[in-house]
Structure formats: C-alpha cells, structure tokens
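Student: Just dropping this structure here.
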Amino acid sequence: MVANPSLTGRQAPVGKVHLVGAGPGDPDLLTLRAARLLMSAGLIVHDGLVDPSILAMAKPGARMVSVAKSRSRHTMKQEAINDLLVREALAGNDVVRLKGGDPFIFGRGGEEAEACHAAGVPVEVVPGISSALGAAAAAQVPLTHRDHASIVSFVAGQCKGLTDQDWSGLAGKGRTLVIFMGVATAPLISEKLIADGLTPDMPVAVIEKATRSDMRVLRAPLAGLADLVEAERVKSPALIVIGEVTAEPDHTIRALASQAGALETTP
C-alpha cells in the first residue's frame, strides 16, 4: 500500500503565541483569560519583574524561560526573544509570553507581534491592567481629577536619547505625567523637566512595588526627586507620577496599614 503523500508530508500545526499582560503585580488583578492561559500553558516566557506569586500559578512541569531585562544587563536581547517565540511556535508549541502590566504599553509587545506575523505565527494579545493604572489606584492617586488634571501622558524614563526628547507640555498645570522605568535616570528626569519650565516645587509621587504587600508611596517636590530615590533606595518596579494630583491627601497603603496595625493592638 502506497502512503498518501498529502498525509506523510504534512507538517505539524503551528502553535500560537499569547502576549499576556500580568498586570501591576497582585495576582488577583490578572484577567480571567490571563489566569486560564497561565495555568494551562506548557511554555511560559516571562519578564523578570513579574511577581513570583503569579509565576507560581503555572501548572506543574511547565517550562519557564526568564528573559529578564535591566538597565545594565539583559538575559536575552529582544531579537533573541522574538526568535525564541517564533521558533517554539513553528515547532508546534503554544507559548505564553508573560509581561508585566499591559503588553502594548512599554512592553515591546508590538515588536514581538510583528516578528510572529512576519513568520506566519498566529498571535493573541491578552490585555493586562497597565502598571500606571494599577499603581495609581493602589496608591489612591487619581491620574485625572476635575480640579487638577484632565490630561495624562505616559513616557519611558529609560530610553535612548532621553535628554534630547521633547517633554515640554507633558507636565504642569492641569496635566499628569507618568514615567515608566525612571528610577535609574531620576536626576536627569528632574533636571530635564525643570529646564523645560516645570517649577521645582511641582509635587511628585514615587510608587514602588505597586499593589504588592511591600508597596511604598514616597513623595517629594520635583527638585528633590533624585535625592528621594537615592535616600530611600527605591528599586524597580517603580513608577514616577508628576503633577498636582499627587499632592492630594495621602490615602496610601502605608497609611491604611498603619491604621490596621493600630486597630489590631487596641484591647
């Protein structure tokens, strides 16, 4: 009996790449779709800042590949990450590419989707709560407010040519500026914004490890941003929020935790 060449020559089906947003940190803030994919995935390619409690949701035996990035060191360059996703999908594997926040807000999800489409690999994007929105909500800092801000801008504080970028008009009266990845460049950021016309006493909040149990919300005037980051030894993940909304009464998790502690010690 001669084998049917249309059957013997058939290639394995191409897998799908799921670009999944892990949200700002707390596992409870994952979307249902993200949680289901995470708990069923055979291969998870994840960022370094994804909270360990989220990674712990993966099914036993799942392959976990860290592609952590930092200012001075990359476990894997972006081109290599793109190649990894394409290679695994073409081998017939479904891949969950797990990113902090939302895949399409400073998550390089657009670059990875382009690489997959170019190779004929299907892609699904699962949105996540952006770190900016999650951090602001957890710190009870309203990014918009009828009395203080009707415009919000997101920028990356760690990028090529930072000093040459034009941020004029992004912060100031009636505006809120949210800076991702700005801890390492805090001195340049404050100098740049003041040089662009922002007043040195403009209120600033630094939100570190948003939505997590060890979250901190730190405040200073713009001129004191660099000193605050250094004195408090702020570490990533952290967001910098600049604008009058950050001067609202402090209803942060730190304050709530202090109140809870006082209640617990009351006889």
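Values quoted throughout were computed directly from the atomic coordinates according to the rules given, and no laboratory measurement underlies them. Since the model is a prediction, treat every value here as computed from it, not as a measurement. Glycine also receives a Cβ, built like all others from the backbone with ideal geometry; neighbour counts cover every protein chain displayed.
Student: Out of [x] 21.7, 87; [y] 18.8, 60; [z] 18.9, 72, which label holds the value of Rg and Dmax of the Cα atoms in Å that was computed here?
Tutor: Here Rg and Dmax of the Cα atoms in Å agrees with entry [x].
Student: Related question: Are any of the pairs Lys99/Lys209; Lys209/Lys235; Lys16/Lys99; Lys59/Lys235; Lys69/Lys235; Lys77/Lys99 more than 18 Å apart by Cα-Cα distance, and if so, which?
Tutor: Violating the 18 Å limit, Cα to Cα: Lys59/Lys235.
Student: Let me ask another. Where the convex hull is taken over the Cα atoms of the range 132-251, what is its projected area averaged over directions, in nm²?
Tutor: 6.5
Student: Considering Cα pairs under 8 angstrom that are at least six residues apart, work out the relative contact order of the range 141-234 and quote it in whole percent.
Tutor: 23
Student: Mean-square fluctuation check for the chain, GNM, Cα pairs under 10 Å: which of Asp164, Asp227, Asp201 is largest?
Tutor: Checking each option, the largest mean-square fluctuation is seen for Asp164.
Student: A further question follows. Quick one: 3J(HN,Hα) in Hz for the range 129-141, Karplus 6.51/-1.76/1.60 with θ = phi - 60°, rounded, Gly and Pro as x.
Tutor: 5, 4, 4, 5, 5, x, 5, 4, 5, 5, 8, 6, 10
Student: In whole Hz, with x marking every Gly and Pro, tabulate ³J(HN,Hα) for the range 105-112 from phi via Karplus 6.51 cos²θ - 1.76 cosθ + 1.60, θ = phi - 60°.
Tutor: 10, 6, x, 6, x, x, 5, 5
Student: Now a separate question. Name the most mobile residue of Gln78, Gln165, Gln140, meaning the one with the largest mean-square fluctuation, in a Gaussian network model of the chain with Cα contacts below 10 Å.
Tutor: Gln165
Student: Could you tell me the relative contact order of the chain? Use alpha-carbon pairs under 8 Å, at least six residues apart, and round to a whole percent.
Tutor: 19
Student: Which percent of Cα-Cα pairs in the range 75-148 sits in each 5 Å bin, short to long?
Tutor: Spelled out bin by bin, the range 75-148 gives 3, 14, 21, 19, 13, 9, 7, 7, 4, 2, 0, 0 percent.
Student: So who's got an amide H within less than 5 Å of the one on Gly157, skipping anything under 5 residues away but keeping other chains? H placed 1.01 Å off N, in plane.
Tutor: HN-HN under 5 Å from Gly157: Phe180, Met181, Gly182.
Student: Still on this structure, please answer the following. Ordered by residue, what ³J(HN,Hα) values in Hz, to whole numbers, does the range 113-122 give under the Karplus form 6.51 cos²θ - 1.76 cosθ + 1.60, where θ = phi - 60° and Gly and Pro are x?
Tutor: Working through the residues one at a time gives 5, 4, 5, 5, 4, 5, 8, x, 9, x Hz.
Student: While we're on this one: Scan the range 80-176 for chymotrypsin sites (Phe, Trp or Tyr not before Pro) in coil per DSSP, keeping those whose Cβ has at most 10 other Cβ atoms within 10 Å, and list them by number.
Tutor: none
Student: Per q in 0.20 Å⁻¹, report the Debye log10 I(q)/I(0) for the range 17-129, using one uniform scatterer on each alpha carbon and no solvent.
Tutor: Once normalised to I(0) and log-transformed, intensities are -1.04.
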